[in-house]
1. State all residues of region 82-112 that are assigned to a loop (DSSP other than H, G, I, E, B), aliphatic (A, V, I, L, M) and crowded, with 17+ Cβ neighbours inside 10 Å; if no residue qualifies, say none.
2. Taking region 113-138 as the search range and keeping residues that are open to solvent by 50 Å² or more (accessible area, probe 1.4 Å) and out of contact with any Leu (no Cβ under 8 Å at 6 or more places or on another chain), which one is farthest from Gln186 (Cα to Cα)?
3. Examine region 166-182 for a residue that is of a type in the set (A, V, I, L, M, F, W, C), under 20 Å from Tyr89 (Cα atoms), open to solvent by 70 Å² or more (accessible area, probe 1.4 Å) and part of a strand (DSSP E or B), and state whether such a residue exists.
4. Looking at Val262, Val290, Val266 in this structure, which one is in contact with a Lys or Arg (Cβ under 6 Å, 6 or more places away or on another chain), modelled with pLDDT of 85 or more and under 28 Å from Ile309 (Cα atoms)?
5. Find all pairs meeting these conditions: Cβ atoms under 9 angstrom apart; at least six residues apart or on different chains; first residue within region 107-119 and in contact (Cβ under 8 Å) with a residue 60 or more places away in the chain; second residue open to solvent by 60 Å² or more (accessible area, probe 1.4 Å) and of a type in the set (Lys, Arg).
6. Give region 499-540 a look and list any residue that's of a type in the set (D, E, K, R) and more than 18 Å from Leu480 (Cβ to Cβ), or say none.
7. Based on what the data block shows, is Asp541 at pLDDT below 90, more than 16 Å from the chain's Cα centre (by Cα) and outside any strand (DSSP E or B)?
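The values are calculated or read from the model by the stated rules, or taken from the named source; none is laboratory data. Just so we're clear, the structure is a prediction, and the values are computed from it rather than from any experiment. Methodologically, a virtual Cβ is constructed for each residue, glycine included, from the backbone with ideal geometry; neighbour enumeration extends over all protein chains shown. Side chains included, ligands, DNA and RNA excluded: accessible areas come from the protein's heavy atoms. Shrake-Rupley method; radii C 1.70, N 1.55, O 1.52, S 1.80 Å.
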Amino acid sequence: MNVRLQLFLCLCLLCPTMAFAELPKQVELDFSVVSGYIVMPIDDEYIIDLDARDNLAVGDILSLVVPGEKIFHPVTKEALGSVYKTTGYLKVTRINSGYSYARPLSADVAPASGDQVRRFEQVPAVFVDSKGDGDGLASQIKMDLPQFRWLREGDSEQPLLTFQLQSDTLAVKTVDGNLLHSYKVQEDRQLVPPPAPVLQPLGAQGGKPEQNLLQQAANNLMTTLKLKDKNEFAPGQIGVIRQKSAALSGVWIGPNLEGNPVGISVADLDGDGLKETAVALDNKLLIGRVSQGQYAEVADVAIPANLRILSMDAADLNQNGHPELYLTAIDGYRLSSFVIEYSANGQFEIIMDKIEWYLRIAELPGQQQALIGQGMQNDQRSFAGQPFHVRLEGDRLVKAEPLNLPGLVNLYSFVPFTDDQNKLNYAYLTQDDYLAVISAEGKQLWESSEYFGGSETCFDNRKGNDGDFVIPTCIGPRLLKTVGNEIVAAQNDGQRIMQRYRKFKESRAIAMSWNGFALVENWRTASQKGYLGDFILADADNDGNTELVMAVKFKHRGAIDDARSAVVIYELD
């Protein structure tokens, strides 16, 4: 055999991808590895915290896994991941919003709440070529889908998925023979990408143009919120604006932000006469400015790597014309809050740190703004004692007089209001995510029958030991009050059965008024496919009008990519 032929064969063996095209992206997505958790058993099935927005499909196989030996880089010693050990399999049977059902494929599989599942992780699969000419496609499938454990002819183990090539179709079937996916195959034995959806031509069938879902949501927003521009979004005008929003009135969505939103504040932070929007993510603080429909980044403030931010507010307590940002943060199992301010050298800097209190700017009876705090304890309850006023003395914060908040367990998620008789009441969120009203004397007046709030900003206040089951503490969303005495609350829909595995995937804000017996709805935003992390009423776009400003997580963190969030601004009449 000559040298050139030997080299060619070696290249074919070492670089098999040279011979085959890549799989279509949709095929890779249909079989991508997605991680989730067992929430709870129900009859002969189990609830899992995954749904269609994780690209889950009925018939998908979930591997019940436990992390095994860790993998370290031989030079840098950096942990690269873990080898997962599969202990059993489940099949997805039903998909709901925020969660799904799965049934074990064998009687000896009995998951516990909190056990991890990974879709298609080492699931036994087989490629069957009914025509006998699909070796190239089989090799391509096996190379591009290495998460499967590919069985060979003669293996005794039963495959849970069968990739069957028949004529011009590749059918993927489950163990019970049901069709999971089907793809067209070209004459050169390559898969054809799934066709793009066909759009209805404008004016077809003599009717009105069919609107897509985003257009419908935008129109609902404008109708529900009574936005200033009463015209609907026309087909082709999508209510997503990056950098410019001149083409649309009423809805503005900012650039992508990587991370989980935990706080949003709007204030003139640098004293230049224009207001900035600060967004706190887990370990990031991003400051930008929206003016005349354009977004400009002002600062990306460095946060110590050991800190995780839990909440944020803005207030000018030192009355120097530059409002400060008050951030509650945790370092391990202890609070380590801090304050950031715009300095004389033109930078945003930490001016106070290692504050062992929860911090919140709140409206109190007879006061526009007040900084309140509360201590932390490391037992079954994270909030220690009564909330208290916090005063600024020089360059430090000091604990002042206690607050008398009837029936409230911590300083988050409450707002005072007066009724028609000028009596003082408080609206607040309960620990179970219900909206309630209590009088100043401590008499319970009302509680909602549906969930409100919902937080993914949860943390452990101590390290669990043998027999000590640590229930995470979740920072409750804020409640707001409009100038018309309306109470505005966030409402997140999704998995809230177990606090450790909360995942909210649809949200809205609802404004209500007290009629003497209950809070009744006045208006709401249209539901958005994302988790509402925080919101505020402020003039975020510097047009002189108050807007509803949200920090929304549109995509949860995946196995290899971070969460995706954005600032959303709704203009109100």
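1. Once the filter is applied, which keeps residues that are assigned to a loop (DSSP other than H, G, I, E, B), aliphatic (A, V, I, L, M) and crowded, with 17+ Cβ neighbours inside 10 Å, region 82-112 yields only Leu105.
2. Ser113
3. Pass one, region 166-182, residues of a type in the set (A, V, I, L, M, F, W, C): 170-172, 175, 179-180.
Cutting the leftovers down to under 20 Å from Tyr89 (Cα atoms) gives us 172, 175, 179-180.
Remaining after also requiring open to solvent by 70 Å² or more (accessible area, probe 1.4 Å): 179.
Remaining after also requiring part of a strand (DSSP E or B): 179.
Looking through region 166-182, at least one residue is of a type in the set (A, V, I, L, M, F, W, C), under 20 Å from Tyr89 (Cα atoms), open to solvent by 70 Å² or more (accessible area, probe 1.4 Å) and part of a strand (DSSP E or B).
4. Numbers: Val262 fails: in contact with a Lys or Arg (Cβ under 6 Å, 6 or more places away or on another chain); Val290 fails: in contact with a Lys or Arg (Cβ under 6 Å, 6 or more places away or on another chain).
Every option except Val266 fails the conditions.
5. Gly114/Arg500
6. Across region 499-540, the qualifying residues are Arg500, Arg502, Lys503, Lys505, Glu506, Lys529.
7. Numbers: at pLDDT below 90: no; more than 16 Å from the chain's Cα centre (by Cα): yes; outside any strand (DSSP E or B): yes.
When the stated conditions are applied, Asp541 does not pass them.
One line per residue, one yes/no per condition, for (1) touching a helix residue (DSSP H, G or I) at 6+ places or on another chain (Cβ under 8 Å); (2) open to solvent by less than 10 Å² (accessible area, probe 1.4 Å); (3) more than 16 Å from Gly394 (Cα to Cα); (4) without any contact (Cβ under 8 Å) to a residue 12 or more places away in the chain:
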residue: Glu324; (1), (2), (3), (4): no, yes, no, no
residue: Leu327; (1), (2), (3), (4): no, yes, yes, no
residue: Tyr333; (1), (2), (3), (4): no, no, yes, no
residue: Ser337; (1), (2), (3), (4): no, yes, yes, no
residue: Ile340; (1), (2), (3), (4): no, yes, no, no
residue: Met352; (1), (2), (3), (4): no, no, no, no
residue: Ile355; (1), (2), (3), (4): no, no, no, no
residue: Tyr358; (1), (2), (3), (4): no, yes, yes, no
